[in-house]
Amino acid sequence: MHSTLALNVDQKTGGAVEPTVSTGSVRPVVNYSLHIVDKDDIPAEIHKHRFYELCDRYADYCSIYTDGSKVGNRVASAIVYKGISKSIQLPDLTIIFRAELYALFLAIDVIRRSKLKKLVIFSDSLCSLQAIDGFNIDNDLVQKFIKEYSVQTKQGKTIALCLIPSPVGIP
């Protein structure tokens, strides 16, 4: 068992103060099996084949795909779940890392509302998944994700996180 992280917020300034630690959170496990340092050196067909093999491992799971994007000054986070996409525009100065984390948070929120018991989140954000996997307590979205992930897994849901490369022709 690992520690749950709670972020204390200064009520006057709204700024974060030292995080507190309590017991009870579950560390998310991330599947990095598709991570390749030089993905450009590998043909797209190989990436697709490896992706479909990964999907076969999670055949009895419901898939959620996440993405954060920035075009010019516009920033958004999105998920695709059961053929339905949901996106949210973020403030213009949001960095892409935060947009990717927010997309993962949107996914865990969908899981919270779902009656399904086995779900897999596919993300192309190595940094975001590493922050979650590493219990990065300095980021409020990581803390919120870990907290909700812990609640959902304790309620009997199985949640897998998988890194997928982008963009390499994976649908």
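The values are calculated or read from the model by the stated rules, or taken from the named source; none is laboratory data. Values in this document were obtained by computation on a predicted structure and should not be read as measured data. Cβ: placed from backbone, ideal geometry, glycine included. Neighbour counts: every protein chain shown.
Inside the stretch 72-128, can you point out the residues that are over 16 Å from Ser166 (Cβ atoms), assigned to a loop (DSSP other than H, G, I, E, B) and either under 13 Å from the mean Cα position of the chain (by Cα) or touching a residue at least 40 places away in the same chain (Cβ under 8 Å) (or both)?
Ser114, Leu116, Lys117
Exactly one condition in (1) at pLDDT 95 or above; (2) surrounded by 18 or more Cβ atoms within 10 Å (Cβ to Cβ); (3) closer than 15 Å to Ser25 by Cβ is not met by Val120; state its number.
Tallying (1) at pLDDT 95 or above; (2) surrounded by 18 or more Cβ atoms within 10 Å (Cβ to Cβ); (3) closer than 15 Å to Ser25 by Cβ, Val120 fails exactly one: (3).
Answer with yes or no whether Leu126 is touching a His at 6+ places or on another chain (Cβ under 6 Å) and on the phi < 0 side of the Ramachandran plot.
Values: touching a His at 6+ places or on another chain (Cβ under 6 Å): no; on the phi < 0 side of the Ramachandran plot: yes.
No: the conditions fail for Leu126.
Tell me, please, whether a residue that is surrounded by 12 or more Cβ atoms within 10 Å (Cβ to Cβ), under 25 Å from Asn136 (Cβ atoms), β-branched (Val, Ile, Thr) and out of contact with any strand residue (DSSP E or B) (no Cβ under 6 Å at 6 or more places or on another chain) can be found in the stretch 91-99. Break it down into steps so the answer makes sense when it comes.
Applying the first criterion (surrounded by 12 or more Cβ atoms within 10 Å (Cβ to Cβ)) to the stretch 91-99 yields 94-99.
Remaining after also requiring under 25 Å from Asn136 (Cβ atoms): 94-99.
Then drop every residue that is not β-branched (Val, Ile, Thr), which leaves 94-96.
Checking the rest, the ones that are also out of contact with any strand residue (DSSP E or B) (no Cβ under 6 Å at 6 or more places or on another chain) come to 95.
Checked the stretch 91-99: at least one residue is surrounded by 12 or more Cβ atoms within 10 Å (Cβ to Cβ), under 25 Å from Asn136 (Cβ atoms), β-branched (Val, Ile, Thr) and out of contact with any strand residue (DSSP E or B) (no Cβ under 6 Å at 6 or more places or on another chain).
Mind telling me which of the residues Arg50, Arg27 ends up being out of contact with any Ser or Thr (no Cβ under 7 Å at 6 or more places or on another chain), modelled with pLDDT under 95, assigned to a loop (DSSP other than H, G, I, E, B) and surrounded by fewer than 19 Cβ atoms within 10 Å (Cβ to Cβ)?
Details: Arg50 fails: assigned to a loop (DSSP other than H, G, I, E, B).
Criteria check complete, one pass: Arg27.
Can you list residue pairs whose Cβ atoms sit under 6 Å apart, with the first residue in the stretch 27-45 being closer than 13 Å to Ala160 by Cα and the second being at pLDDT 70 or above and of a type outside the set (D, E, K, R)? Count only pairs 6 or more apart in sequence or on different chains.
Note: pairs meeting the criteria are Pro28/Ile132; Pro28/Tyr149; Pro28/Leu161; Val30/Leu129; Val30/Leu161; Asn31/Cys162; Tyr32/Leu163.
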